[in-house]
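Contents: one structure, followed by commentary.
The values are calculated or read from the model by the stated rules, or taken from the named source; none is laboratory data. Every value quoted in this text rests on a predicted model; they were computed, and no experiment measured them. No Cβ is skipped: glycine too gets one built from the backbone with ideal geometry, and neighbour counts run over all protein chains shown. The accessibility values were calculated without ligands, DNA or RNA, using every heavy atom of the protein model including side chains. Shrake-Rupley method; radii C 1.70, N 1.55, O 1.52, S 1.80 Å.
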Amino acid sequence: MKNWLSEKLDKISKFDSYNRPNKNIGSLKLDANENFALKKKFILDIAIQAAKVTDLREYPLDQFQEIYRQLAKYTGINKKYLAVGNGSDQIIELILSIIGKGQRVTIFTPTFSYFINRCKLHELTVYRVPLSRENNTLHKIEFLESAKLSDIVYICSPNNPTGNQFDKQMILEIIDSLQDKLILLDEAYVEFADYSLLPYAPKYDNVIILRTLSKAFGLAGARVGYLVANERFAQVFRSSIQSPYPLNSLSLTIAGIVLSQYNYVNKTIKMIKEERTRVFYQLARLQGIKPFESNANFIFFESFNKYEAILKSLKKERLVVKAFGNVEGRKGCIRVTIGTKNMNDKFLQSIEKSIP
């Protein structure tokens, strides 16, 4: 006879899992939206500098003060509205853990699969509103109809995997229409986009904006995320929801130094945006390829009946991308990270070889 834990594990094991990308030694990694435009030496020098001033025998105390100071300076948001976490993934996890099972969540799809998986783990009921198949736009009226019946609303903008950022005024209108709902606004890729709603978050009692240093700042391995919310939520999150030491001293120190050197990071962001435009138009001119315009550091495209040939060519050239296959009516979907010009050229050349 099974005990309650065994039955629970049987149920959880049937959930879709969020699969970490494979490590392919010797391959060009364009599958996880990491920032390889930032020079490895830049991050390495900072890591060495951080290691020299960090005593790992001590709990991180001063480092937390410094990261909040640097985040406040970077965002222009008072630190009383900020809270940090072990990546924005961990912040999502903690927020969902306090909501309580049985609550209803509205999302649009396709979107960040990790969030959907964690909702299932916490026994939240997810209602999905499909994005337009033509251009991945959000149907505001249909979305609001579902959201008004829900307790939580999740909006990823720019959206992963489609890459597009939704109209600013429309998102603000959605927020204003749902002031009795918890709204999670995921801005993981916002440094590559046209606008951020960060200044609006402290003005609402129900809006939490999620941010990360994994993408634009090139610190995917350091696992540093943060949220911006009203003062009460941020304070309670820091003091009662979050663990006392969610980040290690080295990651905190590295993050603080990288934030202080934003001018250099911003140069790589501008380069990625320029390369994104170039790659988009190169893909758009290829017959049988439909790229979607992106406001992130990746491009999402349909390859239809050329899907297998493209993946075969990329594998031969040792180029790793995120292969989705068919996604809610979109055929042969692939997502590719925008890297350096050299990386992007190799990707484009491989794609061209696969198309007669």
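Residues checked against (1) within 24 Å of ASP186 (Cα to Cα); (2) out of contact with any strand residue (DSSP E or B) (no Cβ under 7 Å at 6 or more places or on another chain); (3) in contact (Cβ under 8 Å) with a residue 40 or more places away in the chain; (4) in a loop (DSSP other than H, G, I, E, B):
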residue: LEU38; (1), (2), (3), (4): yes, yes, yes, yes
residue: LYS41; (1), (2), (3), (4): no, yes, no, no
residue: LEU44; (1), (2), (3), (4): no, yes, no, no
residue: ALA47; (1), (2), (3), (4): no, yes, yes, no
residue: ALA50; (1), (2), (3), (4): no, yes, yes, no
residue: ASP55; (1), (2), (3), (4): no, yes, yes, yes
residue: PHE64; (1), (2), (3), (4): yes, yes, yes, no
residue: GLN70; (1), (2), (3), (4): yes, yes, yes, no
residue: SER88; (1), (2), (3), (4): yes, no, yes, no
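Kindly list, by first and then second residue, each pair from a residue in the range 229-240 that is in contact (Cβ under 8 Å) with a residue 40 or more places away in the chain to a residue that is charged (D, E, K, R) and assigned to a helix (DSSP H, G or I), limited to pairs with Cβ atoms under 9 Å and residues at least 6 apart or on different chains.
If the second residue must be charged (D, E, K, R) and assigned to a helix (DSSP H, G or I), the pairs left are ASN230/LYS203; GLU231/LYS80; ALA234/LYS79; ALA234/LYS80; GLN235/LYS80.
Kindly provide the set of residues from the range 189-207 that are in contact (Cβ under 8 Å) with a residue 40 or more places away in the chain, of a type in the set (A, V, I, L, M, F, W, C) and surrounded by 23 or more Cβ atoms within 10 Å (Cβ to Cβ), ordered by number. Give the derivation first.
Keep residues of the range 189-207 that are in contact (Cβ under 8 Å) with a residue 40 or more places away in the chain, which gives 189, 191-194, 198-199, 201-202.
Restricting the remaining residues to those that are of a type in the set (A, V, I, L, M, F, W, C) gives 192-193, 198, 201.
If the condition is that a residue be in contact (Cβ under 8 Å) with a residue 40 or more places away in the chain, of a type in the set (A, V, I, L, M, F, W, C) and surrounded by 23 or more Cβ atoms within 10 Å (Cβ to Cβ), then PHE192, ALA201 are the ones that fit.
Condition first: more than 25 Å from the chain's Cα centre (by Cα) and surrounded by fewer than 21 Cβ atoms within 10 Å (Cβ to Cβ). Can you find one or more residues in the range 327-342 that meet it? Walk me through it before giving the result.
From the range 327-342, those more than 25 Å from the chain's Cα centre (by Cα) are none; that's our starting set.
No, the range 327-342 contains no residue that is more than 25 Å from the chain's Cα centre (by Cα) and surrounded by fewer than 21 Cβ atoms within 10 Å (Cβ to Cβ).
What pairs come out if I take residues in the range 307-319 that are within 22 Å of THR340 (Cα to Cα) and part of a helix (DSSP H, G or I) and pair them with residues that are open to solvent by 80 Å² or more (accessible area, probe 1.4 Å) and at pLDDT below 95 whose C-beta lies under 9 Å away, six or more apart or interchain?
Between residues of the range 307-319 that are within 22 Å of THR340 (Cα to Cα) and part of a helix (DSSP H, G or I) and residues that are open to solvent by 80 Å² or more (accessible area, probe 1.4 Å) and at pLDDT below 95, the close pairs are SER313/LYS353; LYS316/LYS353.
Any idea which residue in the range 269-297 is farthest from ASN33 (Cα to Cα), counting only those that are open to solvent by 60 Å² or more (accessible area, probe 1.4 Å) and part of a loop (DSSP other than H, G, I, E, B)? Before you say what the answer is, go through the steps one by one.
From the range 269-297, those open to solvent by 60 Å² or more (accessible area, probe 1.4 Å) are 270, 273-274, 277-278, 281, 285, 287, 293; that's our starting set.
Okay, now just the ones that are also part of a loop (DSSP other than H, G, I, E, B), so 285, 287, 293.
Working: ARG285: 24, GLN287: 25, GLU293: 16 Å.
Result: GLN287.
Within the range 114-153, track down each residue that is of a type outside the set (A, V, I, L, M), part of a loop (DSSP other than H, G, I, E, B) and surrounded by fewer than 17 Cβ atoms within 10 Å (Cβ to Cβ). Quick ask: steps written out before the conclusion?
Restricting attention to the range 114-153, the residues satisfying the condition of being of a type outside the set (A, V, I, L, M) are 114-115, 117-120, 122-123, 125, 127-128, 130, 132-137, 139-140, 142-143, 145-146, 148, 150-151.
If we keep only those that are part of a loop (DSSP other than H, G, I, E, B) as well, we get 122-123, 132-137, 139, 148, 150-151.
Within the range 114-153, GLU123, SER132, ARG133, GLU134, ASN135, THR137, HIS139, LYS148 meet the criteria.
Kindly evaluate TYR226 against the criterion of being touching a residue at least 24 places away in the same chain (Cβ under 8 Å) and either in a loop (DSSP other than H, G, I, E, B) or open to solvent by 30 Å² or more (accessible area, probe 1.4 Å) (or both). Walk me through it before giving the result.
Numbers: touching a residue at least 24 places away in the same chain (Cβ under 8 Å): yes; either in a loop (DSSP other than H, G, I, E, B) or open to solvent by 30 Å² or more (accessible area, probe 1.4 Å) (or both): no.
When the stated conditions are applied, TYR226 does not pass them.
Looking at TYR59 and the list (1) open to solvent by less than 80 Å² (accessible area, probe 1.4 Å); (2) in contact (Cβ under 8 Å) with a residue 12 or more places away in the chain, which single condition is not satisfied?
(1)
In the set GLY329, GLY325, which member is touching a residue at least 60 places away in the same chain (Cβ under 8 Å) and of a type outside the set (A, V, I, L, M, F, W, C)?
Numbers: GLY325 fails: touching a residue at least 60 places away in the same chain (Cβ under 8 Å).
Answer to the selection: GLY329.
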